[in-house]
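**Q** Got a structure here, written out as structure tokens. Questions coming.
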């Protein structure tokens, strides 16, 4: 089919007229706004902090109002002072971290020299961690240094903080670590 110059001009003029009519004559913002609320209209809204890096971007999480609480949508929080509603590629894909059938949701334990993992309860896992911390602290605790000064420290345990904590939480964790006698304390945001 051959296109003539006349038909091309008619088609271009008709396209421009349609674009002008739809672009200038109708305000589609209410329609877009209504369409957005259809997905999250009855969802429970919660704010949180992104867990990926030390920036601490604010998130708005929409979850189903049912008992399951399945995540429907995660977006940047426009009221958050750090990211002001924007998210990086990892933060924008955060819902894949939660809505993933391969996600491990219970603690796993592998016995020494074993080749397989066994599910344990949260209480059992925390008890095992506490016992190991206590044993390591007791084995490496130093009451006095070589000069005879009281130091009350342990060099057998180190702590690396989390970037997802705010200043107050970091202060609390650091206070607990120092109360246990740790000297090797670092924070992930500095690494």
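The values are calculated or read from the model by the stated rules, or taken from the named source; none is laboratory data. Note that the structure is a prediction, hence the values are computed from the model and not measured. As a convention, Cβ positions derive from the backbone with ideal geometry for all residues, glycine included, and neighbour counts pool all protein chains shown.
**Q** Exactly one of (1) in a strand (DSSP E or B); (2) more than 14 Å from the chain's Cα centre (by Cα) is unmet by residue 75. Its number?
**A** Just one mismatch for residue 75, condition (2).
**Q** Does residue 53 meet the test of being modelled with pLDDT of 85 or more, within 20 Å of residue 162 (Cβ to Cβ) and surrounded by 13 or more Cβ atoms within 10 Å (Cβ to Cβ)?
**A** Numbers: modelled with pLDDT of 85 or more: no; within 20 Å of residue 162 (Cβ to Cβ): yes; surrounded by 13 or more Cβ atoms within 10 Å (Cβ to Cβ): yes.
Here the answer is no, as residue 53 does not meet what is asked.
Conditions (1) under 29 Å from residue 49 (Cβ atoms); (2) touching a residue at least 60 places away in the same chain (Cβ under 8 Å); (3) outside any loop (DSSP other than H, G, I, E, B), marked per residue:
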residue: 90; (1), (2), (3): yes, no, yes
residue: 102; (1), (2), (3): yes, no, no
residue: 105; (1), (2), (3): yes, no, no
residue: 111; (1), (2), (3): no, no, no
residue: 130; (1), (2), (3): yes, no, yes
residue: 143; (1), (2), (3): no, no, yes
residue: 155; (1), (2), (3): no, no, yes
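**Q** Any residue that is closer than 24 Å to residue 177 by Cα and either at pLDDT 95 or above or not assigned by TED's automatic domain parsing to the domain that holds residue 51 (or both) - is there at least one of those in region 97-107? Show your work before the answer.
**A** We begin by selecting, within region 97-107, every residue closer than 24 Å to residue 177 by Cα; these are 107.
Then drop every residue that is not either at pLDDT 95 or above or not assigned by TED's automatic domain parsing to the domain that holds residue 51 (or both), which leaves 107.
Yes: one or more hits.
**Q** Answer yes if at least one residue in region 164-182 is touching a helix residue (DSSP H, G or I) at 6+ places or on another chain (Cβ under 6 Å), part of a strand (DSSP E or B) and surrounded by 11 or more Cβ atoms within 10 Å (Cβ to Cβ), and no otherwise.
**A** No, that holds for no residue.
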